[in-house]
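Have a look at the structure below before the remarks.
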């Protein structure tokens, strides 16, 4: 339980810090880089290494490569739908999370497993 | 197109919006840890690259741009969506930097010291992301600033 609370607090702080950095930077295309900052990884990998060791964390990082490549597809699709199709940000970014989940789990099932 | 920082933008975000980001960030970090615990590091690792707060950030960008235009007397505008879309294009480039970050952690963590690997991985994420943005910025014609 203590580990989960620690993860929650560290994750919240790191993710919020990167988001705030994205808020202050201009132009928005540059600020957007921080929308894909390794915030969850930075918050969690240190704790993972302490609890399970380096090899366990390295294995997680290998899968993270696939997750990041699917993030590319997700963000590109969101950008296209908002800029070209002029769709609203909230429904686009939330519904496209389903695509991230389906693609990531498919890669895990077909390649990584 | 110069990169600059406008710290007054932090005042536009309400305490509620900061709280939502904190809760989302903390929750996704916990969920990623739990998935790794119950389904193993291969499955759990995917969620280290989950677009945790991207929907919240894009919604805020859209909302703030819309409010800016409304204050200027333009009630109907798609400017917010366009700016959020440009922000998402930046995130797409950043995600390639994120993949580089993960690649360095995967390859170097078993053989280097932890602090050195983390510094190298963050530096690689930043360098790759900024370099891609630098190369492609000339192609982003007509994009909102």
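Filtering the stretch B:1-14 down to residues that are free of Cβ contacts under 8 Å to residues at least 12 places away in the same chain and in a loop (DSSP other than H, G, I, E, B), which residue is surrounded by the most Cβ atoms within 10 Å (Cβ to Cβ)?
Here the answer is B:3.
Residues that are farther than 17 Å from residue B:50 by Cβ and more than 7 Å from chain B (Cβ to nearest Cβ), at least 1 per element: which helices (runs of 4 or more DSSP H) completely within the stretch A:2-69 meet that? Even if it seems obvious, please write down each step before you answer.
Working: elements: A:2-24, A:28-31, A:39-52.
The helices (runs of 4 or more DSSP H) meeting that bar are A:2-24, A:39-52.
Checking the structure you have, find out if any residue of the stretch B:106-128 is touching a residue at least 12 places away in the same chain (Cβ under 8 Å), over 26 Å from residue A:40 (Cβ atoms) and facing chain A (nearest Cβ under 8 Å).
No, every residue in the stretch B:106-128 fails to be touching a residue at least 12 places away in the same chain (Cβ under 8 Å), over 26 Å from residue A:40 (Cβ atoms) and facing chain A (nearest Cβ under 8 Å).
Of the residues B:102, B:89, which single one is at pLDDT below 95 and buried (at least 17 other Cβ atoms within 10 Å of the Cβ)? I'd like the intermediate steps shown before the answer.
Values: B:102 fails: at pLDDT below 95.
Residue meeting the stated conditions: B:89.
Being more than 7 Å from chain B (Cβ to nearest Cβ) and assigned to a helix (DSSP H, G or I) is the filter; apply it to the stretch A:70-89 and report the residue that is surrounded by the most Cβ atoms within 10 Å (Cβ to Cβ).
That would be A:70.
Can you go through A:16, A:79 and tell me which one is assigned by TED's automatic domain parsing to the domain that holds residue A:112 and closer than 16 Å to residue B:59 by Cβ?
Values: A:16 fails: assigned by TED's automatic domain parsing to the domain that holds residue A:112.
It is A:79.
Please determine whether any residue of the stretch A:71-90 is farther than 30 Å from residue B:66 by Cα and within 12 Å of the chain's Cα centre (by Cα). Show your work before the answer.
Step one: filter the stretch A:71-90 for residues farther than 30 Å from residue B:66 by Cα, giving none.
Looking through the stretch A:71-90, none of the residues is farther than 30 Å from residue B:66 by Cα and within 12 Å of the chain's Cα centre (by Cα).
Any residue that is more than 18 Å from the chain's Cα centre (by Cα), within 7 Å of chain A (Cβ to nearest Cβ) and without any contact (Cβ under 8 Å) to a residue 12 or more places away in the chain - is there at least one of those in the stretch B:65-86?
yes
The values are calculated or read from the model by the stated rules, or taken from the named source; none is laboratory data. Predicted model only: the values in this text are computed from it and were never measured. Cβ: placed from backbone, ideal geometry, glycine included. Neighbour counts: every protein chain shown.
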